[in-house]
Amino acid sequence: MQGGGCKALIGFMLEALLLAVALDLVFGEPRPAFHPVVWMGRLIGFLDGHAPRRFRRLYGILMALFTVTITAAIGYGIMMALYQLSPLISLLATAFLLKSTFSLSFLWQVSWDIFNDLKAGRLDAVRARLPALVGRDVSGLDEGHMASCVIESLGESFVDGILSPLFYFAIFGLPGALAYRAINTLDSMVGYKDEKHREAGWASARLDDMANFIPARLAVLMTAFVSGHPINAVKTALQDGGKAPSINSGYPMAAFAGSLCVRLEKLGYYVLGEGLKPCSVDDIPKAIRLNQWLSALLLAIITIALWLMPLPLV
């Protein structure tokens, strides 16, 4: 890549991106033993387990910076070292590492499985599957609120599971995608306000907020673009996007609510799409297709951006 110039780098990135998408669609998620995100989690778990009793916020800042930096550096080092050995091997490794930062088919498959179980009345099976998508208590939910869980997840996961990692891949290459996934994994593991992580997880939570701030709002515009109800998508996002506890997750979820003209609700926490009809089981396939159209649009945007703009920056 060093000798091939910008065109060679862009071609390499596009090939890696297309191959990563193909790996996702054909093979799904890597086994845990080979999944880079699992390795990130083990590192974070080790560092979290050794947090001192004093200066926990400082330790949390250093833990977050170290995890993000070492993850990006290792990914970049592997890519460049293998390129000297064989461009093809480097491409395969880059595609594999990039694929580990996003997920398409898993989200769609779980959503379809839940839809089929709901249509068949297998509510116990649905309750067993929902924890793969949401962290809330699902034991007492009715079908409508179960459907809301799926649609909310399809909206939120478009940002943190698809758009954000590929957004940073387009700007910063593989190190950017890996750095984002490290930030998101840090937040999911230690970015809580419980007694243990209130201080040690503060930096991880703030990093995740910053990393998703722009992508979450881009998702609203993209949802409006592919939606049959663009004005409603934007209106609902502006009206209800700030209702979720996260400063980011409410916007893509509310955009989905407006686009589908349905009300989404997390009992006791928020309602997105106030005044719209309650969502139903039959809205799940529409939400899956919306997520798929958004993913296709994202790939098209990244391809065009790489060709027309001086990206990536590294």
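The values are calculated or read from the model by the stated rules, or taken from the named source; none is laboratory data. Everything quoted here is computed from the prediction, not taken from an experiment. Positions of Cβ are backbone-derived with ideal geometry, glycine not excepted, and every protein chain shown enters the neighbour counts.
Considering the range 137-189, the residues that are β-branched (V, I, T) and assigned to a helix (DSSP H, G or I) include one that is nearest to R127 (Cα to Cα), namely V150.
For the range 66-115, residues that are more than 19 Å from P165 (Cβ to Cβ) and of a type in the set (A, V, I, L, M, F, W, C) total 10.
Is at least one residue of the range 113-121 acidic (D, E), surrounded by fewer than 17 Cβ atoms within 10 Å (Cβ to Cβ) and at pLDDT below 95? No; the residues of the range 113-121 include none that is acidic (D, E), surrounded by fewer than 17 Cβ atoms within 10 Å (Cβ to Cβ) and at pLDDT below 95.
Quick check, is I171 of a type in the set (V, I, T) and either touching a Cys at 6+ places or on another chain (Cβ under 7 Å) or surrounded by fewer than 19 Cβ atoms within 10 Å (Cβ to Cβ) (or both)? Judged against the criteria, I171 is a match. Against the numbered list (1) outside any loop (DSSP other than H, G, I, E, B); (2) more than 13 Å from the chain's Cα centre (by Cα), D194 comes up short only at (1). Residues in the range 270-287 that are modelled with pLDDT of 95 or more and not in a strand (DSSP E or B): G273, L276, C279, S280, V281, D282, D283, I284, P285, K286, A287. Of the residues making up the range 140-151, one or more are surrounded by fewer than 20 Cβ atoms within 10 Å (Cβ to Cβ), among the small types (G, A, S) and without any contact (Cβ under 8 Å) to a residue 12 or more places away in the chain. Report yes if some residue within the range 165-174 is over 30 Å from D283 (Cα atoms) and free of Cβ contacts under 8 Å to residues at least 60 places away in the same chain; otherwise report no. Checked against the condition, which is being over 30 Å from D283 (Cα atoms) and free of Cβ contacts under 8 Å to residues at least 60 places away in the same chain, the range 165-174 yields at least one hit.
Before we move on, is L290 modelled with pLDDT of 95 or more, within 20 Å of the chain's Cα centre (by Cα), within 22 Å of L118 (Cα to Cα) and surrounded by 20 or more Cβ atoms within 10 Å (Cβ to Cβ)? Judged against the criteria, L290 is a match.
Give all pairs with beta carbons closer than 7 Å in which a residue from the range 111-129 that is in a helix (DSSP H, G or I) meets a residue that is of a type in the set (A, V, I, L, M) and modelled with pLDDT under 95; count only pairs at least 6 apart in sequence or on separate chains. Final answer for the pair search is R127/V138. If you go through the range 221-251 and keep only what is closer than 17 Å to S157 by Cα and hydroxyl-bearing (S, T, Y), you end up with T223, S246, S249, Y251. Being surrounded by 22 or more Cβ atoms within 10 Å (Cβ to Cβ), more than 16 Å from the chain's Cα centre (by Cα), part of a loop (DSSP other than H, G, I, E, B) and of a type in the set (A, V, I, L, M, F, W, C) holds for only one residue in A233, A200, and it is A200.
If the condition is being over 18 Å from A20 (Cα atoms) and of a type in the set (V, I, T), then the range 162-195 contributes I183, T185, V190.
Whether a residue is touching a Pro at 6+ places or on another chain (Cβ under 8 Å) and among the basic types (K, R) was assessed, and R181 passes this test.
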